[in-house]
Structure formats: C-alpha cells, structure tokens
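For reference, the structure is listed below as structure tokens.
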Amino acid sequence: MGMTMTQKILAAHAGLPEVKAGQLINADLDVVLGNDITTPVAINEFNKAGFTSVFDRTKINIVLDHFVPNKDIKSAQQSKQCRDFANKYDILNFFDVGKMGIEHALLPEQGLVTAGDCIIGADSHTCTYGAVGAFSTGVGSTDMAAGMATGKAWFKVPAAIKVELKGELKRPVAGKDVILHLIGMIGVDGALYRSLEFVGEGVKCLTMDDRLCICNMAIEAGAKNGIFPVDETTVAYLTGRSKKPWKVFAADADAEYEKTVTIDLSALEPTVSYPHLPENTHLAKEGGEIRIDQVVIGSCTNGRLEDMEAAYQILKGKKIADGVRGIIIPGTMAVYKECLLRGWAEAFIDAGCIVSTPTCGPCLGGYMGILAEGERCVSTTNRNFVGRMGHVTSEVYLASPATAAASALTGVITDPREV
C-alpha cells in the first residue's frame, strides 16, 4: 500500500523506506518553533534536563508575539527569558519588537519554512505550514526543549482523511469560509490525530493566503496536521522567498485514506461559527438578529495582506456602526508597512477602527480587545470556546475578514455580499 503526502515526508525524515499509520518513529527536524508564552517553559525544561547546547542555531525560531509589546511585568519577564536564551545560544531567527510578527504569518513570509520540511512548534497552530507542502504540527514545550537540544522528535504516524475540493470560490468567499464549512461538516474531533490532505481541481483557485488560513485551523477539527500539494502556486510563493532548497513530496496513487470528504467550492457562502465551538457553523446571511460589540481582524489565521485587502475593500470610505469597536491587527511588520503604503491603514482609521502593531493579543484573551460580560465579537481568529476572548459570558463568532468588516459596518452579523 502506498503512502500519503504526510507519510512520505515523515518516512524521509525518519530515514525509513516507508511508514504506516500508527507507527512510532523518531524523525529529524528542520524547524523548531516557540513563542513568548511557550518558550520560557521549554527553556526551563531544557535547563532541567542538563542540556548545554542547541542542535542547530539556524533551525530554532523564537517569535515574541503573544504579549508583545509586553503588557505587564510577567510578560516582560517571559520575554526577557527568551531574549537571554537567544543571546546565550546565538539563535539566528529570533524575532522581537520592531521585527516580529505573529509567528504563523511571519515564518512563511520570511521563507523559514518550505516544502518537504518536518516542523514542530510549541503552539497548536503550527499546522499552518502544511500550506507550503510541509509536515508541521504543534507540540508541548517539553517536546520543544528536546527538539532544540537534539533536532529530533517522535511521532505516531497519522492516518489520513482526503479532502477533495471541486469547483471554484466565488469571492468574497475565502479560505476561512472553506475551513469553517469543513469543520462544520466533520466536527471538532472529526479528524482527531489524522492528517487532513487537501486535493482536487479546486486547489488551484486557492491563493497561498487561503491555504495558510485553511491549514492553520486544521487543529480545530482535531487534526495532527493539514497539508496541500505543491503546485504552481506554491512554487511561485517559495521562489525567491525560501531560505533553503525545497523538496516536493506527493501522495502515491494507492495511498490509503480513512475516508474522503468532498467540498464544492462554488457552492460555498460566507460562513460564521457561532459560540462556543468552531463546528457550530451558520451562513452569515442568517445572522442579522445578532448584535455585536467588537470586531477583530487579524491573527495567525487572517492577518495576511489579502485579509487586510478584503477588509479594506469593504471599509474604505465608510464608517463602522456606533457602539462597535473595530480592531485591525496586521500579522507582520511587512503587512503593516504595506497597509500604510497603500493607504489602507488610513482608511481603517477613517472608518473608526484602530490599527495595531502585530500581536496575538485579543485572540487568546490576552490584551488589545478583552471582552466584558455578555459582549459579542466577530473575529477572524480561530477559536471561540467559553471565555476565549474575555469574560465567560462573552461570545466569539468566527468569520472571514470580509464578513467581519461587513459586520462592523452594520453592527450585526452580516453577509459581506450585502454591503
């Protein structure tokens, strides 16, 4: 029996001719990632284990993004611990205030992850990098510590679900609507410890930003990873960007999948996940009775340039509704700069929004947009469980940038095709 794309990457990094679902392997790592919350825990474990060196200072990436610029003394101490570690071991890819970005937007943009890589990150949304044809998955901080020291990690090889995409998206329907629709179909545990492998003719209509968004939320279906085939779009994105040569892996014709899920992209409509699970999906056009207090556009899911453009196209020349707080957070400094150069930031401000330096802040209820009791937010982030963005009685509705921007204008959940 042949191997899936994920299984081929894992076999190559384990030095094995083949692997099978359920097999335990020890694999070489191309990238180890941590942020300002998870890296301090990893550093503590690294020191506790007695490690005195890192396996490769060029393959470790530390991005300060969750509470940076620091919001309080504790977050400042966490960042200082990361800075001291990076200095001690001369970590090449260390990103701090002024050159940082939200990690899963930053690493692809900087060409630090590429096709064929095996990547672990002490953050659950590390699965984002499957968009460029890599195996990438989130791990705990202890695994990050071991990865930094040894350059290896153990995995149980995942079984796979084939997601066959047909047709073509009708904009403003975007990648966020695709992944929300899929999670609504299969549930938050529908791909538990499985690889979500996206294939089909519909793939070619998806931009890299669409794919990065889709893979980012593979974990919200319980998946070990999400992954796209390497095609012309991928190669165009990696060319001139990737810091190293890439390797293309493709699934065998007789690869085994547990099941196949088919999605007709041309039939999709703007979609919103209601509280308190991403699987609780509804069409945006059905949300007109739900009044909102805040909109957040940004995050590792939807803070890229196309996301900013989608928001700009709806907000330009208009004003957001009275009583709605609009928060727009470009995912990286490069995206932020483009928003300034193109006049988008000015348009956002004129519309009544604020524009922030890159940060994860509001997504995890950290800062820059905490919700009070009973408040509702339409957000382009990735999770909406109880208390995710603030008070336990607050509510988060997950949506695309276009839907979030449209909702900001009306003060209720709104289909972007209606504004």
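Which entry is the computed log10 I(q)/I(0) by the Debye sum over Cα atoms at q = 0.06, 0.11, 0.13 Å⁻¹ for this structure: (i) -0.28, -0.88, -1.15; (ii) -0.24, -0.85, -1.20; (iii) -0.22, -0.77, -1.09?
The value matching this structure is (iii).
Where in segment 304-403 are there chymotrypsin sites (Phe, Trp or Tyr not before Pro) that are in a DSSP coil and have at most 13 other Cβ atoms within 10 angstrom of their Cβ?
On the way: sites: Tyr312, Tyr336, Trp344, Phe348, Tyr367, Phe385, Tyr397; in loops: Tyr367, Phe385.
Answer by residue number: Phe385.
Given the rule -39500 (n - 2.57) for each run of at least 4 DSSP H residues, summed and divided by the residues of the chain, what is its mean residue ellipticity at 222 nm, to the nearest 500 deg cm²/dmol?
-8500 deg cm²/dmol
Would you list Leu107, Leu277, Leu112 from the most to the least accessible area, probe 1.4 Å? If you can, show how the numbers build up before the last one.
Working: Leu107 0, Leu277 75, Leu112 25 Å².
Final ranking, largest accessible area leading: Leu277, Leu112, Leu107.
Tell me the net charge near Arg325. Cut-off is 10 Å between Cβ atoms, Arg325 excluded, with +1 for each Lys or Arg and -1 for each Asp or Glu. It would help to have the intermediate numbers written out before the result.
Numbers: positive: none; negative: Asp293, Glu375.
Combined, the nearby Lys, Arg, Asp and Glu give -2.
Under the definition of Cα pairs under 8 Å and six or more residues apart, what whole-number percent is the relative contact order of segment 138-205?
On the way: 47 pairs, mean separation 32.2, N = 68.
This gives 47 percent for segment 138-205.
Using the Kirkwood radius over C-alpha pairs as Rh, can you work out the diffusion coefficient of segment 288-371 via Stokes-Einstein at 20 °C, viscosity 1.002 mPa s, in µm² per second?
Working: Rh = 12.9 Å.
In µm²/s, the coefficient is 167.
In nm, to one decimal, how far is the Lys99 label point from the Lys319 one, both placed 7 Å along Cα→Cβ?
4.3
Which whole-number value in Å² is the accessible area per residue of segment 1-58, probe 1.4 Å? Could you put the intermediate results ahead of the total?
On the way: 2550 Å² over 58 residues.
Per residue, segment 1-58 has an accessible area of 44 Å².
Scale the Cα Rg of segment 1-126 by the rule-of-thumb value 2.2 N^0.38 Å and send over the ratio, two decimals.
Here the Cα radius of gyration is 1.18 times the empirical estimate.
Carbon and sulfur atoms: what percent of the 1.4 Å accessible area of the chain do they account for? It would help to have the intermediate numbers written out before the result.
Numbers: 8040 of 15590 Å².
Of the solvent-accessible surface of the chain, carbon and sulfur hold 52 percent.
Provide the net charge surrounding Thr207, with neighbours chosen by a C-beta distance below 15 Å and charges set as Lys +1, Arg +1, Asp -1, Glu -1. Show your work: numbers first, answer last.
Values: positive: Lys170, Arg171, Lys176, Lys204, Arg211, Arg241, Arg304; negative: Glu109, Glu168, Asp177, Asp209, Asp210, Asp231, Glu232, Glu306, Asp307, Glu309.
Within the 15 Å Cβ shell, the charges total -3.
Exposed loop GluC sites (Glu not before Pro) only (DSSP loop, at most 11 other Cβ atoms within 10 Å): please give the longest stretch of the chain free of them, not including the sites. List each step's numbers first, then the result.
Details: sites that count: Glu289, Glu373.
Result for the longest clean stretch: 1-288.
Are there any chymotrypsin sites (Phe, Trp or Tyr not before Pro) in segment 13-95 that are in a DSSP loop and have at most 10 other Cβ atoms within 10 Å? List them by number.
none
Can you give me the relative contact order of the chain as a percent, contacts being Cα pairs under 8 Å and 6 or more apart?
Values: 1077 pairs, mean separation 73.8, N = 419.
Reported relative contact order: 18 percent.
Could you tell me the distance between the Cα centroids of segment 97-171 and segment 183-197, to the nearest Å?
After rounding, the separation between the Cα centres reads 17 Å.
Find how many whole Å separate the alpha carbon centroid of segment 283-361 from the alpha carbon centroid of segment 229-258.
31
Give me the net charge for the shell around Ser141: Cβ to Cβ below 11 angstrom, other residues only, Lys and Arg +1, Asp and Glu -1.
Numbers: positive: none; negative: Glu45, Asp123, Asp143.
So the environment of Ser141 carries a net charge of -3.
Which whole-Hz ³J(HN,Hα) couplings does segment 182-189 yield from phi under the Karplus relation 6.51 cos²θ - 1.76 cosθ + 1.60, θ = phi - 60°, glycine and proline marked x?
4, 5, x, 6, 9, x, 6, 10
For the chain, give me the percentage of DSSP beta bridges that are antiparallel, rounded to the nearest 5 percent.
20
Using only alpha carbon pairs under 8 Å that are at least six residues apart, calculate the relative contact order of segment 290-400 and give it in whole percent. Kindly include the intermediate steps, with their values, before the conclusion.
Numbers: 230 pairs, mean separation 32.6, N = 111.
Once divided by the residue count of segment 290-400, the mean separation gives 29 percent.
The values are calculated or read from the model by the stated rules, or taken from the named source; none is laboratory data. Being a predicted model, the structure only gives us computed values, none of them experimental. In this analysis, Cβ positions are derived from the backbone assuming ideal geometry, glycine residues included, and neighbour counts consider all displayed protein chains. The protein model used for the area step is the full one, side chains on, heavy atoms only, and it has no ligands, DNA or RNA in it. Shrake-Rupley method; radii C 1.70, N 1.55, O 1.52, S 1.80 Å.
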